[in-house]
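The values are calculated or read from the model by the stated rules, or taken from the named source; none is laboratory data. Bear in mind that the values here come from a model prediction, so they are computed numbers and not experimental data. Reconstructed Cβ throughout: ideal geometry from the backbone, glycine too, with neighbour counts over all protein chains shown.
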Amino acid sequence: MRNHTDLVIWDGKKIVTVTVEFDKTFWESLVRDMCFFFEKIVMPYFTKSNADVISDRNKIRNKVSALTCKYQCGKCSKLCKEDVTCDSESSINCECKCGCSKWFNWVCVGYKPSKVGHDADEPAWFCQDCCQLCGAAANK
């Protein structure tokens, strides 16, 4: 896996190539900000204009995810699948008000939905870090 990219700049006369190192902290901040933007700006637009989307929170997340970014599992670091075919491929995000917003594969955190097919009725879910550090489960 490469830990850098090459930025090529052409000013019309000459070409300059600059190596840009991967900055994990910057990338995580960017992803968090992008996800916040889509949750607060884009998702309300979808819910106001598509009544069928309101009832299925998962469909909203999948549409936004498909258009924006990929999510790494907060436990195993593998990308969470977007087009799942069974529960073992599903993922869930932490809904803590601290802004964590990490995603996790169901199998990595032992998550099982309370009602199959009724995602809108599911209670908020919090990752282990937020439960320990923020007391998220106690502050629902």
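Just a few scattered comments:
- Ser114 being modelled with pLDDT of 75 or more and either outside the structural domain of Leu30 (by TED's automatic domain parsing) or crowded, with 18+ Cβ neighbours inside 10 Å (or both): no
- Test result for Arg32, surrounded by 11 or more Cβ atoms within 10 Å (Cβ to Cβ), at pLDDT 60 or above and assigned by TED's automatic domain parsing to the domain that holds His4: yes
- Scanning region 20-29 for residues that are under 25 Å from Lys102 (Cβ atoms) and part of a strand (DSSP E or B) yields a single hit, Glu21.
- Any chance Leu67 is modelled with pLDDT of 80 or more and either within 16 Å of the chain's Cα centre (by Cα) or surrounded by 15 or more Cβ atoms within 10 Å (Cβ to Cβ) (or both): no
- Qualifying residue in region 6-19 (condition: assigned by TED's automatic domain parsing to the domain that holds Cys134, assigned to a loop (DSSP other than H, G, I, E, B) and modelled with pLDDT of 85 or more): no
- Residue within region 78-89 that is modelled with pLDDT of 85 or more, under 16 Å from the mean Cα position of the chain (by Cα), under 22 Å from Lys24 (Cα atoms) and exposed (fewer than 14 other Cβ atoms within 10 Å of the Cβ) present: no
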